[in-house]
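Notes for the one structure printed next.
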Amino acid sequence: MVGAIFNYLQVQRAFITSEKDIRNIFVLNGADGEQFDKLMSSFSINSQAKLMKKHQEYFSKKTGADGKPYLNAVPTVIVNGKYRINPAALDKGDFEGDYKKLVNHLLALK
């Protein structure tokens, strides 16, 4: 599903504006529509969606030290709710290894 969503957003340049858009992506990629509806109405999914929306609202209002929006690229990765990864600062020769090391280091910080 990650590939399908990436394709929808980045390749097709489409927008997800509602739960219906998400459902269509899932169903077009083989998910059962009724099962999707059942899971989307569950307490667990609703709780996670509310939390994600709260985080999205918080970070969309936040600006960096340079005054620019904190979230300004796809993907922007925030670790522990306070560390933003700057991929441009990582070693291009071992990007994946450095990225993993950095994320794990930040996850270990309190």
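The values are calculated or read from the model by the stated rules, or taken from the named source; none is laboratory data. Predicted model, so just to flag it, every value in this text is computed and none were measured. Note that we place each Cβ from the backbone using ideal geometry, even for glycine, and neighbour counts take in every protein chain shown.
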Determine which single condition residue 83 fails, assuming it passes every other condition in (1) in contact (Cβ under 8 Å) with a residue 24 or more places away in the chain; (2) loosely packed, with under 14 Cβ neighbours inside 10 Å; (3) of a type in the set (Phe, Trp, Tyr).
(2)
Verdict on residue 64 being farther than 26 Å from residue 88 by Cα, of a type in the set (Gly, Ala, Ser) and surrounded by 11 or more Cβ atoms within 10 Å (Cβ to Cβ)
no
Just to verify a result, which residue in region 71-91, among those that are more than 24 Å from residue 11 (Cα to Cα) and of a type outside the set (Val, Ile, Thr), is farthest from the chain's Cα centre (by Cα)?
91
Between a first residue in region 23-38 that is farther than 22 Å from residue 6 by Cβ and a second residue that is at pLDDT 95 or above and among the small types (Gly, Ala, Ser), which pairs have beta carbons less than 7 Å apart while being 6 or more apart in sequence or on different chains?
none
Inspect region 71-79 for any residue being closer than 26 Å to residue 4 by Cβ, touching a residue at least 60 places away in the same chain (Cβ under 8 Å) and among the β-branched types (Val, Ile, Thr) and give the result as yes or no.
yes
Name the residues in region 50-107 that are aromatic (Phe, Trp, Tyr), closer than 30 Å to residue 19 by Cα and modelled with pLDDT under 80, would you?
70
